[in-house]
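Participant: I have a structure here, written as structure tokens, and I will follow up with some questions on it.
The values are calculated or read from the model by the stated rules, or taken from the named source; none is laboratory data. Keep in mind it's a predicted model, so treat the numbers as computed, not measured. All Cβ positions, glycine included, derive from the backbone under ideal geometry; neighbour counts span all protein chains shown. Calculation scope for accessible area: heavy atoms of the full protein, side chains included, ligands and nucleic acids excluded. Shrake-Rupley method; radii C 1.70, N 1.55, O 1.52, S 1.80 Å.
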Amino acid sequence: MLPVAGFIADPRHPNSFPYYEDDPESYKAHLKNYHAFKVNGCNAVLGYIPNRVVEKFHWLEDCWNVDSSSQTVTLMAPPDATPALRSELMARTLAEAVKRETFEVLKGWRNEMYPVYGPGGEFLLEMERSASPLFGIITYGVHITGYVEDEQGLRLWVARRSLTKQTYPGMLDNTAAGGMSTGELPYDCGVREAMEEASIPEDVLKKNLKPAGCVTYFYVRDSRAGGETGLLQPEIEYIYDLKLDANIIPKPCDSEVEDFRLWTVDEVKESLRRGEWKPNCAVVVIDFFIRHGILTPENEPDYLEIVARIHRRLEFPKASHASR
């Protein structure tokens, strides 16, 4: 049995938000702890905001409507507003929050913009990356598993996150990973991140980087994520495999990564057992194990449950990243 027994029951599991299907009444009761994030002119719920975050919205009357009876927080741009106008109102809100030091999570300001989509993948607005968990919106990213397969067997390139990172410092990570900014496509993001974080040459990436699906989950942030705990983070992560020759050695290129190590499958299993991995990166490794026949129905009693939980259907509008 692989060291994922108990993984799905861990309250810090990346898919720790409850399922409606498991207990509808309990799920409905749980949602009373949140307000729905909406945009004027769009009927869809775009994310969930914890009530204790909403309580700090008292100074937002000029461009927000907080309705406690319906438990909604609505950005009050004109119904036909452009994405640029909605984004401007959001930026104004966040700038004031930073000025007032309202939210701890904004101290991790990244100067990266994340998109918010409505039904049909309509681009509604963008917001500062560090603010996304305050509103519980879906975010998108790319994770790359670099590996070597030769006479010594299958080995994975594992990154150790920088000890000074604001989120999950010192934990284990995939070979390269990063969030997708507004307008960025998955493959382009993967190439950029692998060059920036792991110093992998562009020509090697263009030749060997292979799409391998995606994982989806609904994470409730704990103290390791930095900032307020209990914020919601539904995510879609596009997955890429990167088969490398043994002479291609990833090297840290920025402040994101402490070091890289080439580990056997058994060494990776043991590190998973010890809980050393950033939670969503552990999901990506488990997905890799499933796709490469390492984790199977024959050696994992919770196989079906694990497969289902790392491919969750998220309840908010999603975007297609097909090139147009």
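Participant: Quick test for you: out of N51, N111, N33, pick the one residue that is on the phi > 0 side of the Ramachandran plot and either in contact (Cβ under 8 Å) with a residue 12 or more places away in the chain or open to solvent by less than 60 Å² (accessible area, probe 1.4 Å) (or both). First the steps, then the outcome.
Facilitator: On the way: N51 fails: on the phi > 0 side of the Ramachandran plot; N33 fails: on the phi > 0 side of the Ramachandran plot.
Among N51, N111, N33, only N111 is on the phi > 0 side of the Ramachandran plot and either in contact (Cβ under 8 Å) with a residue 12 or more places away in the chain or open to solvent by less than 60 Å² (accessible area, probe 1.4 Å) (or both).
Participant: Are there any pairs with C-beta distances below 7 angstrom linking a residue in segment 73-87 that is under 18 Å from I137 (Cβ atoms) to a residue that is surrounded by fewer than 21 Cβ atoms within 10 Å (Cβ to Cβ) and among the polar types (S, T, N, Q), with the two at least 6 apart or on different chains, and if so which?
Facilitator: So the pair list comes out as T74/N40; T74/N65; L75/N40; M76/N40; M76/N65; A77/N40.
Participant: To continue, here is another question. From the set of residues in segment 228-255 that are assigned to a loop (DSSP other than H, G, I, E, B) and touching a Ser or Thr at 6+ places or on another chain (Cβ under 8 Å), which is least open to solvent (accessible area, probe 1.4 Å)?
Facilitator: First, pick out the residues of segment 228-255 that are assigned to a loop (DSSP other than H, G, I, E, B): 228-231, 244-255.
With the extra rule that they be touching a Ser or Thr at 6+ places or on another chain (Cβ under 8 Å), the set shrinks to 229, 250-253, 255.
Details: T229: 64, P250: 6, K251: 115, P252: 61, C253: 82, S255: 86 Å².
For segment 228-255, the residue satisfying everything is P250.
Participant: Which one of these does K206 not meet: (1) of a type outside the set (F, W, Y); (2) open to solvent by less than 30 Å² (accessible area, probe 1.4 Å); (3) out of contact with any strand residue (DSSP E or B) (no Cβ under 7 Å at 6 or more places or on another chain); (4) not in a loop (DSSP other than H, G, I, E, B)?
Facilitator: (2) is the only condition that K206 fails.
Participant: Quick one: count up the residues across segment 114-130 that are open to solvent by 50 Å² or more (accessible area, probe 1.4 Å) and among the small types (G, A, S).
Facilitator: Final tally of qualifying residues: 1.
Participant: When you scan segment 38-96, how many residues do you find that are acidic (D, E) and under 24 Å from K318 (Cα atoms)?
Facilitator: Residues of segment 38-96 that are acidic (D, E), as a first pass: 55, 61-62, 67, 80, 88, 96.
From what's left, under 24 Å from K318 (Cα atoms): 80, 88.
So the answer is 2.
Participant: Kindly indicate the residue of segment 285-324 that is among the charged types (D, E, K, R) and free of Cβ contacts under 8 Å to residues at least 12 places away in the same chain and also surrounded by the fewest Cβ atoms within 10 Å (Cβ to Cβ) among those meeting that condition.
Facilitator: The initial filter retains those residues of segment 285-324 that are among the charged types (D, E, K, R), namely 287, 291, 298, 300, 302, 305, 309, 312-313, 315, 318, 324.
Checking the rest, the ones that are also free of Cβ contacts under 8 Å to residues at least 12 places away in the same chain come to 298, 324.
Values: E298: 7, R324: 4.
My answer is R324.
Participant: Oh, and also: With respect to I137, determine if the residue is assigned to a loop (DSSP other than H, G, I, E, B), touching a residue at least 40 places away in the same chain (Cβ under 8 Å) and open to solvent by less than 10 Å² (accessible area, probe 1.4 Å). Walk me through it before giving the result.
Facilitator: Working: assigned to a loop (DSSP other than H, G, I, E, B): yes; touching a residue at least 40 places away in the same chain (Cβ under 8 Å): yes; open to solvent by less than 10 Å² (accessible area, probe 1.4 Å): yes.
Criteria met by I137.
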